[in-house]
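Enquirer: Could you have a look at this structure, given as C-alpha cells, before my questions?
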Amino acid sequence: MKPQTTLAIAVLLLLAGINLFPAAESEQENFLKTFEAVYPADMGWVIDSTNPYAKPVRILKTTESGISVMLDRALVTETALALSFLINGDFPQNLTSVDLVTDIDAGPLLPYSPDSFEPVLRAKGGGVWPTLRLLNEDPPVALETRTVFLMRYDGYISPSDPIRVRIRIPQISVCWEDATADGVPQEQCYFEDEPLDFDFETDGADLAAQTKTFQLDHTFEIDGKPYEFHRLRFNPMELILFTSPSEEWVEHEDGSSSPAGLLYVDAVTDDGTNIELSSHSGVYPYHGFTQKILDPEVIRSLEQTKTLTLTPCYVPRPPDEENDSYSMPEQGNPAYDCSPERAVTVNIRE
C-alpha cells in the first residue's frame, strides 16, 4: 500500500473517532501498573491485599485531566462482592480526601435457593464521610473500597457462578486543606466529572468449593423464650448463622439489630481460635449472625478445624430501660453470659 493511501486511511479513521496511534502511557500510569499495593491493617471486613481469595483485576482508566483509577482487586464471599481502587494524579498538597462516586451492577441475579432463607421486609440506609487512605506519598496513591451485597431482598447472586461486574465512576472528588489569607485552614475541593467505565467477570468459586451448610435445629431459651439456631453456612472466610426471628428486637447504634439481650455468638475452632459472629447490619434479608474473616491465621484455623462450637452470648436487659435508650455492653464484656449450656458443636470435617 502506498504511503499516501495509508495516510488517507488514517485521517479517515481519526475523523471517525478511531485512533490508530494511541498516546503512550504516562509515567503516572506506568507507576500505577507496577505499584504493589499493601492495604492497611485496619480495613475491617472489606478487603485485604494479602488475602488468598482476593483476585487481582488490574484494569486502569485515566481521565483527560490526568486522574488515573486502577480497579485493583475483587473479593467474592457468600454475602458480598468487595472491590478496591487505587487512584493517583497530580494532586494538591495537604490532601484530605479522594472519593469515587460509583454505580455498580453485579449479576446474574438468581432466585433464592430453597434452603437459603426467608426474605424479611426490613431495610436500612446511610453513608459515611470519605476517609483518606494514602498507600504512597510520592507519587500519591489513594485507596478506595466498595461493597455490593449478593444476598438481596429480590434475589441471590451465587458466588460459585461467574459474576459480571459493570462499574461507572461518574465523578471523582479531590479535597485538600489550604490556608486562607488570614492563615486559617480551609478545605478546598475540585470535581472531575468525566465518567470512567469498568467491565469484567469474577467469581468466588474457590471459596464456594469449600462452603458447606449444616442443619442445626438447635433450640435454647432467652428470658424463658425459645430461640433457635437453624443452620450454619461455613467456609474459611465467612460464617453465617441463620436463626429464628425474635419477637423483641433491639436496634444498635451501628445500625445492626439483634434479639433482646443477644448481641453476638462466639465461634471457637479446635485450636481455640475465637471468632465473634455479630448480628447482621440490616442489609441481609435473614435473621442471624455473620462474620467475614480477613486475618490469614484465622483463615488457616478454619481451613483445618474439624469442629466449630457456637455459643450465644447473652446479657439480660435491665427492666427499667426503654428499648430506644438501652445501650448494649460491648462484645466480650464480662456482663455477657456465654454459658456452654446454650452452645452447640458442629462437625465440620471427618
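Enquirer: Using the 10 angstrom Cβ neighbour count as an exposure proxy, how do 230, 287 rank, fewest first?
Expert: 230, 287
Enquirer: Please report 35, 91 as a ranked list, fewest other C-beta atoms within 10 angstrom at the top and most at the bottom.
Expert: 35, 91
Enquirer: Using amide H atoms built in the peptide plane, which far-off residues or other-chain residues are under 5 Å from residue 72 H to H?
Expert: Here 58, 84, 85, 86 satisfy the definition.
Enquirer: Right, here's the next one. Please tell me which of these pairs span more than 32 angstrom C-alpha to C-alpha: 33/212; 225/292; 33/306?
Expert: 33/212; 33/306
Enquirer: If neighbour count is taken as other Cβ atoms inside 10 Å, put 76, 148 in order from fewest to most.
Expert: Final ranking by Cβ density, sparse to dense: 148, 76.
Enquirer: Hey, another quick one. Per residue and in cubic angstrom, what volume does the convex hull of the Cα atoms of segment 22-206 have?
Expert: With only Cα atoms used, segment 22-206 gives 150 Å³ per residue.
Enquirer: Using modelled amide H (1.01 Å from N, peptide plane; none on Pro or chain starts), what sits under 5 Å from the amide H of residue 346, excluding residues fewer than 5 places away?
Expert: 308, 309, 310
Enquirer: Over segment 22-206, calculate the relative contact order: mean separation of alpha carbon pairs under 8 Å at least 6 apart, over the residue count, as a percent.
Expert: 24
The numbers here are math on the coordinates, done by the rules we state, and not lab data. Keep in mind that this is a model prediction, so the values were computed, not measured. Using ideal geometry, Cβ is built from the backbone for each residue, glycine included, and neighbour counts are taken over all protein chains shown.
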